[in-house]
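To start, the structure itself, in structure tokens.
FYI, it's all coordinate maths here, none of it is from the lab. This is a predicted model, so every value here is computed, not measured. In this analysis, Cβ positions are derived from the backbone assuming ideal geometry, glycine residues included, and neighbour counts consider all displayed protein chains.
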Amino acid sequence: MRRLLFALALPAVVLVTLAAGCGTSEPLPPAGPTVGTAAPSAADTVVFAGGCFWCMEKPFEELDGVYAVTSGFAGGTVPNPTYDQVTTKTTGHYESVEVVFDPSVVPYDTLLQVYWHNVDPLDDGGQFCDRGSPYRPAIFAGTPEERAAAETTKAALAERFGETIRVPVLDDAPFYAAEDYHQDFYRTNAAHYQRYRMGCRRDARLEQLWGDAAGHLGPAL
């Protein structure tokens, strides 16, 4: 519920839109070039935790070769948790996104670059204004190759920043999709999303860390 508190400061017309959920007469912003199309048989799936899952969908959906990005929860001790359960900070879950991609089009290393440029790698107590265990960053590695790639980029960032990178590379864990109203929130509730993102000062911190590469693919790490 914590992000919905931002709605209290919204104009009445925006509150009406929020109450309506996904129903809107306005055309939705486009998703990525391949999102929503059939994934090939060679598609792979990876999970990243970067704080608010609303904010982690868009950067991956923009990539050619990404077929689906789902907001949800990884790890934890409660099967099929609800959002309200996770935000009690007692279940051990991470707010995460599950990315379905074609590695022949968009390599895993590219996904890692996008991930790093959308998180604060120096903060393991949450991300930006969202604090506590559900908002911790993490990379979930499904194979030894993914773990090696993630650890390599993590080491490069430690050298770049001259500080410990506080994003763990964890073994793959169960992923549970969040409620429908969380999916594609940046598209279906754009005004609320932008107000939340600005209030959380996410972009300000990303620009401080990454400069022109903030929130984007950027140069190789």
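Mean-square fluctuations from a GNM of the chain, with a 10 angstrom spring cutoff on Cα atoms, peak among 104, 41, 133 at 41.
Calculate the FRET efficiency for residue 204 and residue 166 from the Cβ-Cβ distance with a Förster distance of 22 Å, rounded to the nearest 0.05. Could the numbers behind the result be given before it?
Numbers: r = 20 Å, r/R0 = 0.89.
So the FRET efficiency works out to roughly 0.65.
If you take the Cα centroid of the range 144-195 and the Cα centroid of the range 65-84, the two points sit 12 Å apart. Shape class for the range 180-221, computed from the alpha carbon gyration tensor (a ≥ b ≥ c): oblate, with a/c not under 1.5 and a/b at or below b/c. Can you pull a Stokes-Einstein diffusion coefficient for the range 93-221 at 37 °C (0.692 mPa s), Rh from Kirkwood over Cα pairs, as a whole number of µm²/s? Value of D from the Cα-based Kirkwood radius: 208 µm²/s.
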